[in-house]
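The values are calculated or read from the model by the stated rules, or taken from the named source; none is laboratory data. No experiment lies behind these values; they were computed from the predicted model shown. Heads up, the Cβs are rebuilt from the backbone with ideal geometry, glycines too, and the neighbour counts pull from every protein chain shown.
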């Protein structure tokens, strides 16, 4: 029997080393030379935006600004400058040893660290200030070459183990009992807490108060994003916590505490806490049923894509974010008045659509303890019960097999007459089924957006930022090109490539009984673990680079000059920026590994023959590897 862990680790390690050595060989013998560079800063880019030197070169940089005061912070080299328009001398300091700046004509240093390092604007210069950056590459770029070797290693190790030993990947054999840990058994106090009527209300109340503060700050606070709490907390802190922790470890736990449906749900229930013993039929409102043809996430797909089209404006303009949050709250309230329960959350909320997809990968689930008990109890036992509100998501928890539409509200745990609902810990990516095309297209949208956003927000290309920043720059033609790029790639190009892979995989398998559309649909789940890990890797630098803005705005939430906690004037300082790459690359490689493993599980469910299963997986595995290489390209090249 092959030791799968040792074999995989050895294969990946040696391919990383081999790639790093081979690709870096042409640069290893080059001696240091003097490099004179002049950098011109303007909103919101540097020229040149990409500097390439060799290790050991003596680098001499002079600066100029063509519009406003800009900063220059070079990761890994302890260099920070302030560049004033119309002045040849600029301010310079070494942040680790100096607090004050001194005027100099140039900065000189030795490029003694190989790899890729970004230089960022460290002085607030406008709306897109957080995304103004350039790239400083010191060859040989060992991290990039090693990362590409990692992709080759993961891909090679997977198929090597697959061909050598069909059980080497740890794929569950038929009729085996999958791992599940009942959290109520190991933590008895957890069930008591989650069934208290004040628990969910308290969580919502906290977020409702935060929402009110955010709306006030957005409409009346500073128009500068990193000086306003609505931007720093919503788009830096909340997004980072949601993507990195809540969804992977808590499924749709955010839905339990989301403030958007609060007013509408209060209108339906007319109570803040639990019911008064009456059946859930006493819920107020028109209680209309949502149209069956829209009972999917297609509308959410479109709405989410609309928001993402204007994301550059949304995440940098406080008033825009305030309008969106207010609009979601008002819409949720009106939908609650007209339609039953949380119709808005299930079918309309643009945030809920992609959470429903990625919650399939979560390590937490609410399920019945014993399926036979639920079957004998009847379908109404948990849905209509005067002891609780019943499932606001209009599902029968006892029959639930996926996390997609479970809002983790815990109502089923409170209302179950047999105490048959529980909270369980499970392996990552336990839901491996995508049944409908709406979910598949959300997978295409999310994987496409994370690649495009990485290029736009984490890349050095100022032209793309200008296209996206239409309200400030006014380049309507460029914005239309930008919109066309996003919508075409998300809705047409990437699905078409996936369909081609489905046809090719089916052709390689030689099967004439399996329809291509089934292969296309089922394999789309491979984009779930890869997409989620890519989004986490994308979100990490947003937090690590800008966390100090969160601290400052907690003391001065409106940007009005307050200093509530003595931290309003804390100086911007990124958190270990030169090491972010070493977190991002392992994450996307892990996503690739899970995608390949889950892809094989899917292939075995589609194709009964081992050879057919493997060869049908090859085109999709190659596509996932290409996506991983693209992410690494933007991170490390």
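Kindly check whether there is at least one residue in region 58-73 that is over 33 Å from the mean Cα position of the chain (by Cα), touching a residue at least 12 places away in the same chain (Cβ under 8 Å), closer than 23 Å to residue 470 by Cα and part of a strand (DSSP E or B). Among the residues of region 58-73, at least one is over 33 Å from the mean Cα position of the chain (by Cα), touching a residue at least 12 places away in the same chain (Cβ under 8 Å), closer than 23 Å to residue 470 by Cα and part of a strand (DSSP E or B), which makes the answer yes. Of the numbered conditions (1) in the same structural domain as residue 229 (by TED's automatic domain parsing); (2) crowded, with 18+ Cβ neighbours inside 10 Å, residue 334 fails exactly one; give the number of that condition. Of everything listed in (1) in the same structural domain as residue 229 (by TED's automatic domain parsing); (2) crowded, with 18+ Cβ neighbours inside 10 Å, residue 334 misses just condition (2). Quick check: anything in region 317-340 in a helix (DSSP H, G or I), within 18 Å of residue 394 (Cα to Cα), within 23 Å of the chain's Cα centre (by Cα) and modelled with pLDDT of 95 or more? No: region 317-340 contains no residue that is in a helix (DSSP H, G or I), within 18 Å of residue 394 (Cα to Cα), within 23 Å of the chain's Cα centre (by Cα) and modelled with pLDDT of 95 or more.
Yes/no matrix, rows are residues, columns are (1) more than 27 Å from residue 529 (Cα to Cα); (2) touching a helix residue (DSSP H, G or I) at 6+ places or on another chain (Cβ under 7 Å):
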site: 400; (1), (2): no, no
site: 423; (1), (2): no, yes
site: 429; (1), (2): no, yes
site: 432; (1), (2): no, yes
site: 448; (1), (2): no, yes
site: 454; (1), (2): no, yes
site: 468; (1), (2): yes, yes
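It is to be established whether one or more residues within region 481-490 are outside any helix (DSSP H, G or I) and exposed (fewer than 15 other Cβ atoms within 10 Å of the Cβ). Within region 481-490, none of the residues are outside any helix (DSSP H, G or I) and exposed (fewer than 15 other Cβ atoms within 10 Å of the Cβ). In this entry, residue 561 is excluded by the filter for residues that are touching a residue at least 60 places away in the same chain (Cβ under 8 Å) and either in the same structural domain as residue 497 (by TED's automatic domain parsing) or farther than 30 Å from residue 455 by Cα (or both). If you filter region 74-126 down to residues that are in a strand (DSSP E or B) and in contact (Cβ under 8 Å) with a residue 60 or more places away in the chain, you find that the one that is farthest from residue 141 (Cα to Cα) is 120. If you go through region 95-111 and keep only what is under 30 Å from residue 146 (Cβ atoms), surrounded by 12 or more Cβ atoms within 10 Å (Cβ to Cβ) and modelled with pLDDT under 95, you end up with just 95. For region 154-168, the criterion of being part of a loop (DSSP other than H, G, I, E, B), touching a helix residue (DSSP H, G or I) at 6+ places or on another chain (Cβ under 6 Å) and at pLDDT below 95 is met by at least one residue. At pLDDT below 95, outside any loop (DSSP other than H, G, I, E, B) and under 21 Å from residue 308 (Cα atoms), is that true of residue 464? It is true that residue 464 is at pLDDT below 95, outside any loop (DSSP other than H, G, I, E, B) and under 21 Å from residue 308 (Cα atoms). Of the residues that make up region 341-363, is at least one more than 21 Å from the chain's Cα centre (by Cα) and over 30 Å from residue 529 (Cβ atoms)? Checking region 341-363: at least one residue is more than 21 Å from the chain's Cα centre (by Cα) and over 30 Å from residue 529 (Cβ atoms). Restricting 285, 274 to residues that are touching a residue at least 40 places away in the same chain (Cβ under 8 Å), on the phi > 0 side of the Ramachandran plot and not in a helix (DSSP H, G or I) narrows the list to 285. With respect to (1) under 26 Å from residue 444 (Cα atoms); (2) crowded, with 18+ Cβ neighbours inside 10 Å, the lone exception for residue 545 is condition (1).
Mind checking whether some residue in region 444-451 is at pLDDT 95 or above, part of a helix (DSSP H, G or I) and surrounded by fewer than 21 Cβ atoms within 10 Å (Cβ to Cβ)? Scanning region 444-451 turns up at least one residue that is at pLDDT 95 or above, part of a helix (DSSP H, G or I) and surrounded by fewer than 21 Cβ atoms within 10 Å (Cβ to Cβ).
Residue count for region 398-425 satisfying the condition of being more than 20 Å from residue 255 (Cα to Cα) and not assigned by TED's automatic domain parsing to the domain that holds residue 342: 5. Right, residue 566: farther than 23 Å from residue 519 by Cβ, part of a loop (DSSP other than H, G, I, E, B) and without any contact (Cβ under 8 Å) to a residue 60 or more places away in the chain or not? Answer is yes for this residue. Restricting to region 417-432, give me the number of residues that are touching a strand residue (DSSP E or B) at 6+ places or on another chain (Cβ under 8 Å), part of a loop (DSSP other than H, G, I, E, B) and under 16 Å from residue 390 (Cβ atoms). Counting residues in region 417-432 that are touching a strand residue (DSSP E or B) at 6+ places or on another chain (Cβ under 8 Å), part of a loop (DSSP other than H, G, I, E, B) and under 16 Å from residue 390 (Cβ atoms) gives 1.
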